[in-house]
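The values are calculated or read from the model by the stated rules, or taken from the named source; none is laboratory data. All figures in this text were calculated on a predicted structure; none of them were measured in a lab. Note that we place each Cβ from the backbone using ideal geometry, even for glycine, and neighbour counts take in every protein chain shown. Side chains are part of the model used for accessible areas, which takes the heavy atoms of the whole protein and leaves out ligands, DNA and RNA. Shrake-Rupley method; radii C 1.70, N 1.55, O 1.52, S 1.80 Å.
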Amino acid sequence: MEAVTITGTRQAYQGDFKRMETPQAEQTIDAETLRASGANDLTQALDLSASVARQNNFGGLWNAFALRGFVGDENLPSNYLVNGFNAGRGFGGPRDLSGIESVEVLKGPRAALFGRGEPGGTVNLVTKRPTFKTAGEFRLSAGSFETYRADADWTTPLSDAIAVRLIGFAEDAGSFRDTVETRKYGMSPSLAWRLSPQSRLVYELELSHQAIPFDRGVLAVNGQLGRIPASRFLGEPGDGPLKADVQGHQLEFQHDFSKDWSALVGFTTRKTSLEGFSTEAELATNRQRRLVDGQTLTRQRRFRDYDASYQVIRAEINGRFQLAGLQHRLIFGVDADRFENDQVFLRARAPTLASNPTPAQQQAIDIFNPAYGSYNLPTPTPLTNRVETQKSVGVFAQDQITLSERLQLRLGARFDDYRQTLQDRAASRVSTQKQTRVSPQLGLVYRARDALSLYATFGENFRPLSGADAQGKGFEPNQSKSVEAGAKLSLGGIDATVAVFQVKQTNILVAADASAATQLAIGKARSRGLEVDLQGELGQGFSLWASYAHVDAKTSNTFNDANFGVPVPAGTPLLNVPRHTLSLQLVKSLHMAGRGLQFGGGLVHVGQRSGEFTTAFKLPAYTVARAFAAYEVTKSTTLRLDVDNLFNETYYTNSFSALWVQPGAPRSARVSAAFKF
């Protein structure tokens, strides 16, 4: 659907800066690029950015990614923003793209404006909003593994001042994985109100429900993948799916005082929940039978009842003024947020092998000849029962000063007052901590030519850590420092960015002793690399998207791994982070018989990477290709064919250990019909 932006709302925290004036690398994956890639969810969209690496996705129940080699809290989904609001830290399931206009990959530290966040950068989703031009589209698709989906999108003015947009989706998807089937649906209606020529109000609602079986994937046998089929499910179908729900509201008000000054006030509240049973491979070596006989997998059964809520309010003013003969562009604002993470976690676990447990106690399954439902599913017993509340108030300012016709200086800083409360209901214990942080940023942009700018930037970042130490106290926040330098080129319809970077991170959670019963925030790591991003028009109807990243991410000190309690030497590569990643997409648009025809394809190459943090187990490199063709049968009807994994490559996208490895899907096809009205 053609995007017609009438409401004129601005993105929070970002101000009014052109690409060549911004002293950081950024990628905007717009609606056309997303459509050409065939992406329906956030994970697929982020495959277009080589700077993003897939991480352990919690059995398919959330989005998890590393940006420039660093991931956030592995016990929570990776955080992302929606229109500048924190939205990714809850338990609402993988993010669908039905209501998303574009995906922004904002690289480097952003704490000087956005506040606490991930050290490698920030992902921001820009939603589809109402326009004052009536338009609509209904799309039906059917694909391999009995996958069916419907999407609807309609926008119209209700008056000269009010417009609405109604978006919804529903999907019933089978899988190449045995017994695994998912169902999801959602809606995201919105309303835009032009209160006056200078004032605009936008309200957005988000509702979704997903039912997804918990699936840890396959395993390696003696360190070798492929010994069991990629389709083999090693859980219990009798557990049923986990259910994830979201209810969110966003409200934004923007007022233009003049052509140079405007204000933006926003509020969001978002509630998410995740509930259900799972059966998954036991990771403890002293309980795992497969390490003894090579085929009997010991499993544990778990029950999770997770709830999270987020409330954010913010207000900012941005504009430009002259001072001492220099032009200043200022962003100044305040925000406050509250995040509550309520977790009830139960587990049924096998005794150690030394006690000679029965197959039923081990919930055992033969990995070569699985028989589901062989034992009565055990009743899990309480393990975790706690609620964590994080509150933060921040004040931020950024000033970009035009020092000369070609030179600009960016100065930014943010002050955060952060409070954390940990209520361990099982132990009847409450602990609190208070932290304050100042996050600075310094950037320089030199416009060497009209089509070329050079930049350098430095910034600091912090991210609160969940959980408590042996005394029940919270941890010092995770901290990072980042430097980046690069060049931006705009020539012949192509925008290009080349960047080099280094990020150093401290206060990573590690085990306090070999038993891993307690934790400390003492780990250190660093990531450095090179990125090259290209996008634009090549002429003669060709459009190009290309993204390459070389990332070298390693530990900087020796510590005990937080999950397994074994020593991790300094210089150990970080989990699931490849040294080389490449994403390409080429699309050709033309007319045939007077109708629009578009075809193209893409590929993603991911290099070898660590598959288990504590051993030498590696995930092999892979290259997968895709192709598509779309033809306008009539002015209002378009037919499309997508083929993913064109050459039927066997590959593995991410892992947590050699017993939890996510396989990629084999070749699949999808046909769709879109009707515009």
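What residue, of Gln295, Gln311, is closer than 14 Å to Leu659 by Cα, open to solvent by 40 Å² or more (accessible area, probe 1.4 Å) and touching a strand residue (DSSP E or B) at 6+ places or on another chain (Cβ under 9 Å)? Can you show your working first?
Values: Gln311 fails: closer than 14 Å to Leu659 by Cα.
None of the other options fit; the residue is Gln295.
Regarding the stretch 577-589, can at least one residue be identified that is in a strand (DSSP E or B), in contact (Cβ under 8 Å) with a residue 60 or more places away in the chain, surrounded by 15 or more Cβ atoms within 10 Å (Cβ to Cβ) and in contact with a helix residue (DSSP H, G or I) (Cβ under 8 Å, 6 or more places away or on another chain)?
Within the stretch 577-589, one or more residues are in a strand (DSSP E or B), in contact (Cβ under 8 Å) with a residue 60 or more places away in the chain, surrounded by 15 or more Cβ atoms within 10 Å (Cβ to Cβ) and in contact with a helix residue (DSSP H, G or I) (Cβ under 8 Å, 6 or more places away or on another chain).
Quick one: which residue in Ser309, Ser278 is part of a strand (DSSP E or B), modelled with pLDDT of 95 or more, polar (S, T, N, Q) and in contact with a helix residue (DSSP H, G or I) (Cβ under 7 Å, 6 or more places away or on another chain)? Explain how you work it out, then say what you get.
Values: Ser309 fails: in contact with a helix residue (DSSP H, G or I) (Cβ under 7 Å, 6 or more places away or on another chain).
The match here is Ser278.
Among the residues of the stretch 318-336, write down those that are more than 21 Å from Asn86 (Cβ to Cβ), open to solvent by 40 Å² or more (accessible area, probe 1.4 Å), in a strand (DSSP E or B) and not polar (S, T, N, Q).
First pass over the stretch 318-336, keeping only residues more than 21 Å from Asn86 (Cβ to Cβ): 319-330.
Filter again for open to solvent by 40 Å² or more (accessible area, probe 1.4 Å), leaving 320-327, 330.
If we keep only those that are in a strand (DSSP E or B) as well, we get 320-323, 326-327, 330.
Arg320, Phe321, Leu323, Leu326, Leu330 - these are the residues of the stretch 318-336 that are more than 21 Å from Asn86 (Cβ to Cβ), open to solvent by 40 Å² or more (accessible area, probe 1.4 Å), in a strand (DSSP E or B) and not polar (S, T, N, Q).
Scan the stretch 370-383 and give yes if some residue there is part of a strand (DSSP E or B) and farther than 23 Å from Leu234 by Cβ, otherwise no.
The answer is yes, given that some residue of the stretch 370-383 is part of a strand (DSSP E or B) and farther than 23 Å from Leu234 by Cβ.
Look through the stretch 603-618, keep the residues that are under 21 Å from the mean Cα position of the chain (by Cα) and touching a residue at least 60 places away in the same chain (Cβ under 8 Å), and return whichever of them is nearest to Gly69 (Cα to Cα).
Arg609
Listed here are the residues, each with its yes/no results for (1) in contact with a strand residue (DSSP E or B) (Cβ under 8 Å, 6 or more places away or on another chain); (2) buried (at least 17 other Cβ atoms within 10 Å of the Cβ); (3) in a strand (DSSP E or B).
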| position | (1), (2), (3) |
| --- | --- |
| Gly474 | yes, yes, no |
| Glu484 | yes, yes, yes |
| Ala499 | yes, yes, yes |
| Gln502 | yes, no, yes |
| Asn507 | yes, yes, yes |
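Take the residues in the stretch 234-275 that are among the hydroxyl-bearing types (Ser, Thr, Tyr), part of a strand (DSSP E or B) and more than 30 Å from Thr379 (Cα to Cα), then tell me which one is most open to solvent (accessible area, probe 1.4 Å).
Within the stretch 234-275, the subset among the hydroxyl-bearing types (Ser, Thr, Tyr) is 258, 262, 268-269, 272-273.
Of the ones still in play, those that are also part of a strand (DSSP E or B) are 262, 268-269, 272-273.
The next check asks that each one be more than 30 Å from Thr379 (Cα to Cα); those that pass are 262, 268-269.
Details: Ser262: 5, Thr268: 10, Thr269: 31 Å².
So the residue we want is Thr269.
Within the stretch 644-677, how many residues are open to solvent by less than 30 Å² (accessible area, probe 1.4 Å) and farther than 29 Å from Phe564 by Cβ?
5
Just one of (1) more than 26 Å from Gln505 (Cβ to Cβ); (2) open to solvent by less than 20 Å² (accessible area, probe 1.4 Å); (3) among the β-branched types (Val, Ile, Thr) trips up Thr28, so point out which.
Looking at each condition in turn, Thr28 falls short on (2).
Can you name the residue in the stretch 67-102 that is modelled with pLDDT of 95 or more and either of a type in the set (D, E, K, R) or within 10 Å of the chain's Cα centre (by Cα) (or both) and, of all such residues, is surrounded by the fewest Cβ atoms within 10 Å (Cβ to Cβ)?
Among those that are modelled with pLDDT of 95 or more and either of a type in the set (D, E, K, R) or within 10 Å of the chain's Cα centre (by Cα) (or both), it is Glu101.
Give me the pairs, please: first residue somewhere in the stretch 441-469 and within 26 Å of Gly394 (Cβ to Cβ) and among the charged types (D, E, K, R), second residue anywhere and open to solvent by 30 Å² or more (accessible area, probe 1.4 Å) and outside any loop (DSSP other than H, G, I, E, B), beta-carbon distance under 6 Å, and either six or more positions apart or on two chains.
Correct list of pairs: Glu460/Pro440; Glu460/Lys481.
Within the stretch 527-545, is there a residue that is open to solvent by 20 Å² or more (accessible area, probe 1.4 Å) and closer than 20 Å to Phe617 by Cβ?
Within the stretch 527-545, none of the residues are open to solvent by 20 Å² or more (accessible area, probe 1.4 Å) and closer than 20 Å to Phe617 by Cβ.
So, in the stretch 433-456, of the ones that are hydroxyl-bearing (Ser, Thr, Tyr) and modelled with pLDDT under 95, which residue ends up nearest to Asp417 (Cα to Cα)?
Pass one, the stretch 433-456, residues hydroxyl-bearing (Ser, Thr, Tyr): 436, 439, 446, 453, 455.
Cutting the leftovers down to modelled with pLDDT under 95 gives us 436, 439.
Working: Thr436: 5, Ser439: 12 Å.
Filtering the stretch 433-456 for residues that are hydroxyl-bearing (Ser, Thr, Tyr) and modelled with pLDDT under 95, the one nearest to Asp417 (Cα to Cα) comes out as Thr436.
Take the stretch 337-372 and flag every residue that is among the hydrophobic types (A, V, I, L, M, F, W, C), touching a residue at least 12 places away in the same chain (Cβ under 8 Å), open to solvent by less than 60 Å² (accessible area, probe 1.4 Å) and closer than 30 Å to Val661 by Cβ.
Of everything in the stretch 337-372, those that are among the hydrophobic types (A, V, I, L, M, F, W, C), touching a residue at least 12 places away in the same chain (Cβ under 8 Å), open to solvent by less than 60 Å² (accessible area, probe 1.4 Å) and closer than 30 Å to Val661 by Cβ turn out to be Val344, Phe345, Leu346, Ala348, Ala350, Leu353, Ala360, Ala364, Ile365, Ile367.
Please count how many residues of the stretch 551-576 are closer than 22 Å to Gly108 by Cβ, free of Cβ contacts under 8 Å to residues at least 40 places away in the same chain and either out of contact with any strand residue (DSSP E or B) (no Cβ under 6 Å at 6 or more places or on another chain) or of a type in the set (S, T, N, Q) (or both).
Here the count works out to 1.
In the stretch 188-201, is there at least one residue being closer than 25 Å to Leu242 by Cα, modelled with pLDDT of 95 or more, under 24 Å from the mean Cα position of the chain (by Cα) and assigned to a strand (DSSP E or B)? Even if it seems obvious, please write down each step before you answer.
First, the residues of the stretch 188-201 that are closer than 25 Å to Leu242 by Cα: 188.
Now restrict to residues that are modelled with pLDDT of 95 or more: 188.
Those left that are additionally under 24 Å from the mean Cα position of the chain (by Cα): 188.
Add one more test, that the residue is assigned to a strand (DSSP E or B), and what stays is none.
Taking every residue of the stretch 188-201 in turn, none turns out to be closer than 25 Å to Leu242 by Cα, modelled with pLDDT of 95 or more, under 24 Å from the mean Cα position of the chain (by Cα) and assigned to a strand (DSSP E or B).
Taking the conditions exactly as written (touching a Lys or Arg at 6+ places or on another chain (Cβ under 8 Å), more than 30 Å from Arg68 (Cβ to Cβ) and open to solvent by 20 Å² or more (accessible area, probe 1.4 Å)), does Leu140 satisfy them or not? Step through it out loud before you land on a result.
Working: touching a Lys or Arg at 6+ places or on another chain (Cβ under 8 Å): yes; more than 30 Å from Arg68 (Cβ to Cβ): yes; open to solvent by 20 Å² or more (accessible area, probe 1.4 Å): yes.
Against the criterion (touching a Lys or Arg at 6+ places or on another chain (Cβ under 8 Å), more than 30 Å from Arg68 (Cβ to Cβ) and open to solvent by 20 Å² or more (accessible area, probe 1.4 Å)), Leu140 qualifies.
Kindly provide the set of residues from the stretch 208-228 that are open to solvent by 20 Å² or more (accessible area, probe 1.4 Å), farther than 27 Å from Arg304 by Cα and in a strand (DSSP E or B), ordered by number.
Hit for the stretch 208-228 is Gln224, nothing else.
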